[in-house]
Amino acid sequence: MTGPLRRGGTFLLASTAGTAIANNYAIQPALTSVAADLGVPLSVVGLVPTAALAGCMTGFVLLLPLTDRLAPNRLVAAQLTALAAALVLAAAAPGAVVLLAAYLLIGAAAGVAAQAGNIAGRHAPPGRRATGVATVAAGMSAGILLSRLVGGSLTDILGWRLMLVAFAALVLLGAIAAAALLPRQRPRPDRTYRAALISLPPLLRQFPQLRRAVATGGLWYFAFNLIWVALALTLAAPPHSLGPTTIGLYSLAGLLGFAALPLTGRLADRYTPHTVITVSMLGAAAGATLLATGLNTPPATALGLALFDAGCFAAQAANQSRIIALDPQRSGSLSSIYLVLYFTTGAIGSALAAPLLHILGWHGTALTALAALLLAAALGRIGARQVRRGPTRVTARRLAARSQR
């Protein structure tokens, strides 16, 4: 059994998630400054977001299943402390190799944001799981959005190295709060940690809905990273030639996604996550269509980014709530396999941003993201129809076999 969170516990988890995940994105507006300071090509420093995402995937495999085994206060506090140490290492990096290695560690430790959502969903009152997950997702979205603005501004004021130190200090404050306020009871796993890791791949075969969640989520996260990394590179280059602070300001356009998330949670609890996902993807596709028209009109760009971010964030909250609902006692393992594949496609989107931008230009890159979003909407629609029809015969036989055991 899992007890409810303390008063304000969900807000603390949301703040923790936002503070942690921000470190994967805060350096993006400063990539050109980092490249100049280290004396390496921008194409090399452009791999920093990819390194962070690769680190996240490693953390999801090795660390996220620990939510099924360790007390939340100890687990979250330990990972935030490790994140602060990795940020200090990145701030002291003498070259690109150490910086990329540090961001592998940063990404792995920043995966505590996913653990926060899992903890909130597991400890939520009955019928409020999606609302709890959406609240943490709102914190994550705020962290992602504000990270670029804060990171860019602090880079202009302090330089990119001291910017990372400032983020490390903020993370340490979160570690202290987590150790004091999060639940102290330890889950009772039904298997060893090694057995839990070995059981991760078969989960895709065991849960058809997990496969659909991976496919739809991967498509929109591919589009999300493709757009944002390509946007930062495009705005920093001629004819725009914008500085880190100005580039970071564009992230404020995504505040619509932050505002929409609490409503998303309530709708997912009331209706079905599949319906929320389909509608969210259509909204994100509308935003990508606006972005594909070009970046010469700031109001149109801001509206496009607002719709794009709102759709992606809302869909992710609904997707994670349906994954936790598959088996709450194994939600850490289920979320692990989902997020590993989710961030894999996101890393591919980040890595392809610069090459696609060079080959297709901004318009072609935005249209590529649009195609991925429309495909995700189609998959969400198919999933909604299958849910209305009920479980397949194979799934029904599996459920019957479990009940007999």
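The values are calculated or read from the model by the stated rules, or taken from the named source; none is laboratory data. Predicted model, so just to flag it, every value in this text is computed and none were measured. For neighbour counting, all protein chains shown are included, and Cβ atoms are generated from backbone atoms with ideal geometry for every residue, glycine included. What goes into the accessible areas is simple: the full protein's heavy atoms, side chains included, and nothing from ligands, DNA or RNA. Shrake-Rupley method; radii C 1.70, N 1.55, O 1.52, S 1.80 Å.
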> Of the numbered conditions (1) within 20 Å of the chain's Cα centre (by Cα); (2) without any contact (Cβ under 8 Å) to a residue 60 or more places away in the chain, Thr192 satisfies every one except a single condition; which is it?
Replying inline: (1)
> Just checking, how many residues over the range 6-54 are open to solvent by 50 Å² or more (accessible area, probe 1.4 Å) and not in a helix (DSSP H, G or I)?
Replying inline: 5
> Across the range 165-189, what is the total count of residues that are of a type in the set (Lys, Arg) and either touching a residue at least 40 places away in the same chain (Cβ under 8 Å) or closer than 27 Å to Gly139 by Cβ (or both)?
Replying inline: 2
> Is there a residue being within 30 Å of Leu197 (Cβ to Cβ), at pLDDT below 85 and touching a Lys or Arg at 6+ places or on another chain (Cβ under 7 Å) anywhere in the range 265-277?
Replying inline: yes
> Do any residues in the range 93-117 that are surrounded by fewer than 24 Cβ atoms within 10 Å (Cβ to Cβ) have Cβ atoms under 9 Å from those of residues that are among the aromatic types (Phe, Trp, Tyr), where the two are at least six apart or on different chains, and which pairs are they?
Replying inline: none
> Quick one: Leu75 ticks every box in (1) closer than 28 Å to Ile227 by Cα; (2) free of Cβ contacts under 8 Å to residues at least 60 places away in the same chain; (3) open to solvent by less than 50 Å² (accessible area, probe 1.4 Å) bar one, so which box is it?
Replying inline: (1)
>> Need pairs with beta-carbon distance below 9 Å; first residue within 26 Å of Arg205 (Cβ to Cβ) and within the range 308-334, second of a type in the set (Phe, Trp, Tyr) and surrounded by fewer than 24 Cβ atoms within 10 Å (Cβ to Cβ); sequence gap 6+ or separate chains.
In response: Ile323/Phe207; Leu326/Phe207; Asp327/Phe207; Leu334/Phe207
